[in-house]
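So the structure is just underneath, and the comments pick up after that.
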Amino acid sequence: MTLAQDERAALVTTLRSVGPDAPTMCEGWTTRDLTAHLVVRERRLDTGPGIMIKRFAGHTERVRADAAAENWDDLLGKLADGPPVYSPFKLVDRWANLAEMFVHHEDVLRGGARKDAAWTPRPLSADLEKALIGPASSMARMTLKGSPARITLRTPDGRDLVTAGDGDQVVVTGAPGELVLFAFGRSPVDVVYEGSDALIASVKDAKRGF
């Protein structure tokens, strides 16, 4: 199995454990909503534009809401099966879905955590952390463009992955998985900030992701 398939299987296991009504890090979405999003993303290609373009978001949301109304076990079965043969995601699953499955798995695992509450990230394998370096860099180049600071993502061993944005610098240090979550705009994340207090506060509050 690929790392993307491993993470998909782990996500499905977690979803079965917590049920359809658990909170997630996606604001306003329960685990049922999130699962419907993942299934629709791979099976209804006509909804793709609505994920990125506001003009088409209404159609995407209607299709997702219809999927969310399906039987929970059936919905999980579709997610577990992966992309159908007609989906382009079938060919690029190991690349296109690794970060997607990882981030949404963490959305579920951290769904009940608050920014000010104690929590512990799950340990990731060295192979998974290494594979998430690429997604952390590529996503940050898109999501940090409008940042209130020039942000550098750095791993604990001192490797700078990417610098994006304008202005004074803030360095965000964390394991690749945590940097992926930061780039996607998730919170809480296990990262360390370096920079002025005011700028760090602005970075934390700034909207990232889609």
Exercise. Roughly how big is the chain's charge dipole about its Cα centre, with Cβ charges of +1 (Lys, Arg) and -1 (Asp, Glu), in debye to the nearest 20?
Worked result: 460
Problem set entry | Probe 1.4 Å, accessible area per residue of the chain, Å² | 51
Seminar exercise, completed: Residues of segment 59-101 with backbone N under 12 Å of the label point set 7 Å from the Cα of Ser138 along Cα→Cβ are 92-100
Exercise. Against the longest principal axis of the chain, how steep is helix 57-68, in degrees 0 to 90 to the nearest 10, with axes from Cα atoms?
Worked result: 60
Exercise. Stretched out fully, how many nm does the piece from Ser187 to Thr2 gain, at 0.36 nm a residue minus the Cα gap?
Worked result: 63.9 nm
Seminar exercise, completed: Length-normalised contact order of segment 71-210, Cα under 8 Å, at least 6 apart, in percent, tallies to 20
Seminar exercise, completed: Sequence order, segment 78-87: Karplus ³J(HN,Hα) from phi using 6.51 cos²θ - 1.76 cosθ + 1.60, θ = phi - 60°, Hz rounded, Gly and Pro as x, gives 5, 5, 5, 5, x, x, x, 4, 7, 8
Seminar exercise, completed: Correct response: the longest run of the chain lacking exposed GluC sites (Glu not before Pro), defined by DSSP loop and at most 16 other Cβ within 10 Å, is 71-210
For this session: Quick one: P(r) of segment 103-150 from all Cα-Cα pairs, 10 Å bins, percents rounded to integers, in order of increasing distance.
Result: 19, 35, 43, 2
Problem set entry | Listed residue (Leu124, Gly134, Val12) projecting farthest to the positive dipole end of the chain, Cβ model | Gly134
For this session: For the chain, count the residues as N, evaluate 2.2 N^0.38 Å, and divide the Cα radius of gyration by that value, please.
Result: 1.02
For this session: Would you mind telling me the share, in percent, of accessible area of segment 46-112 contributed by carbon and sulfur at probe 1.4 angstrom?
Result: 58
Seminar exercise, completed: With the 8 Å Cα cutoff and a minimum separation of six or more residues, segment 111-186 has a relative contact order in percent of 31
For this session: Just grab the label-to-label distance for Ala126 and Val18, each label 7 Å out from Cα along the Cβ direction, in nm (one decimal).
Result: 3.0
Problem set entry | Hull-based mean projected area of segment 136-210, where the convex hull spans the alpha carbons, in square nanometres | 4.1
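The values are calculated or read from the model by the stated rules, or taken from the named source; none is laboratory data. The shown structure was predicted, so the numbers you read here are calculated from the model rather than taken from an experiment. When we count neighbours, we look across all protein chains shown, and the Cβ atoms used for this are built from the backbone with ideal geometry, even at glycine. Quick note on the areas: whole protein, heavy atoms, side chains included, nothing else; ligands and nucleic acids left out. Shrake-Rupley method; radii C 1.70, N 1.55, O 1.52, S 1.80 Å.
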